[in-house]
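Read-outs throughout are calculated quantities, based only on the coordinates presented, and are distinct from any laboratory measurement. The shown structure was predicted, so the numbers you read here are calculated from the model rather than taken from an experiment. Glycine also receives a Cβ, built like all others from the backbone with ideal geometry; neighbour counts cover every protein chain displayed.
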Amino acid sequence: MASPLKTLDLFSNVARAKEIFTVLARHGFGDLLETVRLPKGLIEKIIPPTDHNLNVWQRLRITLEDLGPTFVKFGQVMSTRPDALPEGLIEEFKNLRSRVRPISFEDIEPIICAELGCEDYREYFDDFDTTPVASGSIGQVYKARLKGGEDWVAIKVQRPNIKKAIKADIEIIGWLVKQLHAKVEELQPYDLPSIVESTGQGIMQELNFTIEANNAALFNALNPYEDVFSPKVYDQFTHERLTVFEWVEGRPPWDPEIPEDIRIKLAAAGGKSIFEQIVISGFFHADPHGGNILITEDGRLCFIDWGLAGQLTRDMRYFLADLFSAIAQSDPEKVVRVAMMMALGKTRIDQTKLEQEVGFVLRQYRSKFDQNEAIGKIVIELLFVFGSNGIQLARDYSLLAKAIISIEEVGQTLDPKFDIREVGKPFLRKLEWERWNPAGVMSRAWWNLQGHLHKLRELPGDVQRFFRHLEDGEIKVTMKHEGLSEVGDAFDMGVNRLTLAIITASIILSSAIVVGTMAPKDATFSDIYNGGNVITLLAAFGFKLGIVFGGWIIWDIVRHGRHK
């Protein structure tokens, strides 16, 4: 029988697979590997762990660090999933540190030339400093000046062969996790295969530097604040393995030389920017910690490193507003209702137990929240509770909580009196107005109505296809006739009511739109009847007719009963 490892062609990476499994065994995970039953030769003799005083999460963190940049990156990304992983594991993964040594410029230069399509990088750059100013697990950053100009730039270049190495590691991790998920019952509630798959996809996206460049450019396009910015992107030099930004001279937020008035101003500016990104734009920097922020000499705040960004749909932003409102009201039942609407899938949960645990978190944080506790920390704690009760949310909710926590830490570094709640309140009020103002409500109602009408237009075709499949023998139905005539009558009545309700809503909405756009401002119905044109007269009449139909539908439902 062929080895299961061949399903991912791991024998082409047998040396790396052997290294990974051996390191896992050395740190005390040999029992898990024995459960998987690895083929002989893929692991050395299992050695008892020497780190007896460490718990399992600490040993796992050290294991990832020993296995190198890909595994460290994996752990760092997974630390943003409190809704899906145990709290102890998340807290330990936050301490992951990548021990990455810079590689020589001789190994980097061919990538620069290949991406730029040139034989010599000096065709595009002068004063190129071949010593990297920064080095990470994926790439290195250099400083240079554009050819024949005065603009200094930061050049980010991908490490050679890193994509192949990361892809191989992800395949090995994915295979191992699937085996463990199938054979270790204690791990099954966490759905590790899907978590690893989504994490791997995110890491592979970070290998495409055009995504980071596009994120930075999009932020600059949406940004309404003059004292906050991101480095300019040079599109002509943006490629998958190389990207070029303007060089920004600045200090980290903790630099004591930053003047006090600048510190206070930029603490507020950074907080406002993050809330603008999350609540209003729905696109945000997901890792705005102090290392990704520079304070410039002219008193501006610069967000750098846009490799990780979050996105929220309109509905996600509205759910977020509901969640913040429920937290502020310390209402566990409302928090649970919102969480169930935010959930990715429909999972049966013990709602009473969940409400009790949410209530405990809200009570625990209530005193801290009143004393300037970041709402981001409360959201993170609630995500742990949701995850342990089977409610998994979109990863972007975790990212936004992390972003709020990070910017609060930066704000309080700059200004100890910085209050993230006061910064966020105006943006949440603005979101509520966007959601509930008459124009917004009518726009969403009209959009929903169009969706229902579209479904009605498709209904005859769907019915025709159903009966065609039935005639062809593709669908078999066994029926037992017991009082179906009453059910049919009730169904007919329900369809008639629904059809009339949709038509009525269409008349009311379309008439209101016509009157609102064509009638003079502050005009009454009397003014329209006396001096309006034919179109506005018809619209006003249609509006009143729709009200009459609506009243009749309500009266008919009350008279006959909702379920008759």
Problem set entry | Relative exposure of ILE557, ILE391, judged by other C-beta atoms within 10 Å (fewest first) | ILE557, ILE391
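Let me make sure I get this right: for the range 319-411, a, b and c are the square roots of the gyration tensor eigenvalues over alpha carbons, sorted descending. Under 1.5 in a/c it's rounded, otherwise prolate if a/b > b/c, else oblate. Which is it? Provide the component values of the computation, followed by the final result.
On the way: a/c = 2.05, a/b = 1.34, b/c = 1.52.
Since a/c reaches 1.5 but b/c is at least a/b, the shape of the range 319-411 is classed as oblate.
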For this session: Just check the range 172-307 against the gyration tensor rule for me: Cα atoms, a ≥ b ≥ c as the square roots of the eigenvalues, rounded for a/c under 1.5, and otherwise prolate or oblate depending on whether a/b exceeds b/c.
Result: prolate
Exercise. Of LEU301, LEU294, how do they rank once you tally other Cβ atoms within 10 Å and put the fewest first?
Worked result: LEU294, LEU301
Exercise. Put +1 on the Cβ of every Lys and Arg and -1 on every Asp and Glu Cβ in the range 301-394; which of PHE324, PHE386, THR352 then has its Cα farthest towards the positive end of the dipole?
Worked result: THR352
Exercise. Can you put ARG337, ARG429 in order, fewest other beta carbons within 10 Å first?
Worked result: ARG429, ARG337
Problem set entry | J(HN,Hα) series, the range 101-114, from Karplus relation 6.51 cos²θ - 1.76 cosθ + 1.60, nearest Hz, glycine and proline x | 8, x, 9, 5, 5, 4, 7, 7, 3, x, 5, 4, 5, 5
For this session: Search the structure for amide H atoms under 5 Å from the amide H of ALA154, placed 1.01 Å from N in the peptide plane, and list their residues when 5 or more places away or on another chain.
Result: PHE245, GLU246, TRP247
Exercise. How far apart, in nm, are the 7 Å Cα→Cβ label points at GLN351 and ILE547?
Worked result: 3.7 nm
For this session: Mind listing the long-range amide H neighbours of PHE128? Cut-off is under 5 Å, sequence gap 5 or more, other chains count too, H placed in the peptide plane at 1.01 Å from N.
Result: ARG145
